[in-house]
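Working notes for the structure below.
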Amino acid sequence: MKLDLSEFNDIDFENIGGWPTQVKVVFASFLAIIIFVAGYFLFVSDAIDVLKREQDKEITLRDDFKAKYQLAANLKLYREQLAVMEVQFAELLKMLPSQNEMPGLLDDLTFVATDSGLGIQSLEWQEEIQRDFYIEFPISMSVTGNYHEMGHLVSGVAKLPRIVSLHDFVIKRSDSGELAMEILAKTYRFKEGAQLPKDNAAKGAKK
């Protein structure tokens, strides 16, 4: 059907029933398109957004379920690992010196140093350092000797039954020609009842 554009001239909107057939068809088609577009944005678009949100929620719930399922499936293994960690932690606690053993660490360090052939210039407790759940007890050491003896000292400290770590060592040659080493030893205790030993310093002389 050929569209006659002349029929669209002088359309009387107050007499729609008298419009030519072609005009009615075009107008009805145009009105249907407007209704469809308006309906889409008013109803269908919102429904699609809701559907998309629900689909995203479903994916999140599936991932959450999968993670919880894996956790439940491995719960026995996690408990076994936790039990092993608790045993290891208890063993580490045993390696930390008790309050009564703290003064004896100076004797241990003195023995290791002299057994290595080093001369002890000073061996002193420094001010304790508070951490989140434990306390550091630094011990400053100053010794003289040769490289082999200093290496023997480090090895001997590592073999002590209680945890003692070595830090910030400085080696230089003294006026007498000997090597002098200053080093900071640290031991640790949990905060419960932790106190710096009353015997705050100990010094020795070279044999």
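The values are calculated or read from the model by the stated rules, or taken from the named source; none is laboratory data. Computed from a prediction, not measured in an experiment: that's the story for all the values here. Please note: Cβ atoms are built from the backbone with ideal geometry, for glycine as well, and neighbour counts cover all protein chains shown.
List of remarks:
- Screening the stretch 165-190 for residues that are in contact with a strand residue (DSSP E or B) (Cβ under 7 Å, 6 or more places away or on another chain) and among the small types (G, A, S) and picking the one that is farthest from D108 (Cα to Cα) gives S174.
- Every residue from the stretch 128-156 that is under 14 Å from K186 (Cα atoms) and modelled with pLDDT under 90: E128, I129, Q130, R131, Y134, I135, E136, F137
- Any helices (runs of 4 or more DSSP H) falling wholly within the stretch 1-107 and containing at least 2 residues that are modelled with pLDDT under 80, among the aliphatic types (A, V, I, L, M) and under 49 Å from the mean Cα position of the chain (by Cα): 45-73, 75-95
- The residue that is surrounded by the fewest Cβ atoms within 10 Å (Cβ to Cβ), counting only those in the stretch 158-180 that are touching a helix residue (DSSP H, G or I) at 6+ places or on another chain (Cβ under 9 Å) and free of Cβ contacts under 8 Å to residues at least 60 places away in the same chain, is K159.
- The stretch 128-155: number of residues that are surrounded by fewer than 17 Cβ atoms within 10 Å (Cβ to Cβ) and outside any strand (DSSP E or B): 10
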